[in-house]
Amino acid sequence: MHLVRLGYVEATRGKGGGIRLSKSAEEIALVDVVKHFETTLTPINCNEQPCRIISSCKLKGLLDNALEAFLSALAAYTLADLLDSETQAILFLEE
């Protein structure tokens, strides 16, 4: 299980088993989750079907800047920021 290998969850087999977060929601950065699970963060691949205007294109630089801004914005948030207060209380009680 990919989530276990990455350290996001712990899995217990058998009766009464299941999965749970291996660390608090506040310790799980959204930027890390996105980087682990997105197959590519590159908005465009100029080498795939080689681009005919690559030498004069300004779009790649703009999209690279947008990706950097996206990841920078995500870095400010954790899993806890996505949870409502009721869900956070349940997770707190389970720790």
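The values are calculated or read from the model by the stated rules, or taken from the named source; none is laboratory data. What you see is a predicted model, and the numbers here were worked out from it, not measured in a lab. Neighbour counts are summed over all protein chains in view; Cβ atoms, including those assigned to glycine, are modelled from backbone coordinates with ideal geometry.
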Please identify the pairs in which a residue from the range 12-31 that is farther than 30 Å from Ala69 by Cα has its Cβ atom under 9 Å from the Cβ atom of a residue that is surrounded by 10 or more Cβ atoms within 10 Å (Cβ to Cβ) and polar (S, T, N, Q), counting only partners at least 6 apart or on another chain.
-> Gly18/Thr12; Ile19/Thr12; Arg20/Thr12
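Got a sec? Which of Leu79, Leu67, Leu83 is surrounded by 11 or more Cβ atoms within 10 Å (Cβ to Cβ), at pLDDT 90 or above and more than 13 Å from the chain's Cα centre (by Cα)? Break it down into steps so the answer makes sense when it comes.
Working: Leu79 fails: more than 13 Å from the chain's Cα centre (by Cα); Leu83 fails: at pLDDT 90 or above.
Result: Leu67 is the single residue among Leu79, Leu67, Leu83 that is surrounded by 11 or more Cβ atoms within 10 Å (Cβ to Cβ), at pLDDT 90 or above and more than 13 Å from the chain's Cα centre (by Cα).
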Residue hits (the range 10-41; loosely packed, with under 13 Cβ neighbours inside 10 Å, of a type in the set (Val, Ile, Thr) and within 15 Å of the chain's Cα centre (by Cα)) are Thr39, Thr40
Write out, first by first residue and then by second, each pair whose Cβ atoms fall under 9 Å of each other, whose residues are 6+ apart or on separate chains, and whose first residue, in the range 75-88, is of a type outside the set (D, E, K, R) while the second is at pLDDT below 90 and not in a helix (DSSP H, G or I).
-> Thr78/Ser24; Leu79/Tyr8; Leu79/Leu21; Leu79/Ser24; Ala80/Ser24
What are the residue pairs meeting all of these: first residue in the range 35-56, first residue more than 29 Å from Ala75 (Cα to Cα) and modelled with pLDDT under 80, second residue surrounded by 11 or more Cβ atoms within 10 Å (Cβ to Cβ) and among the charged types (D, E, K, R), Cβ atoms under 8 Å, and 6 or more apart or on different chains?
-> Ile54/Lys60
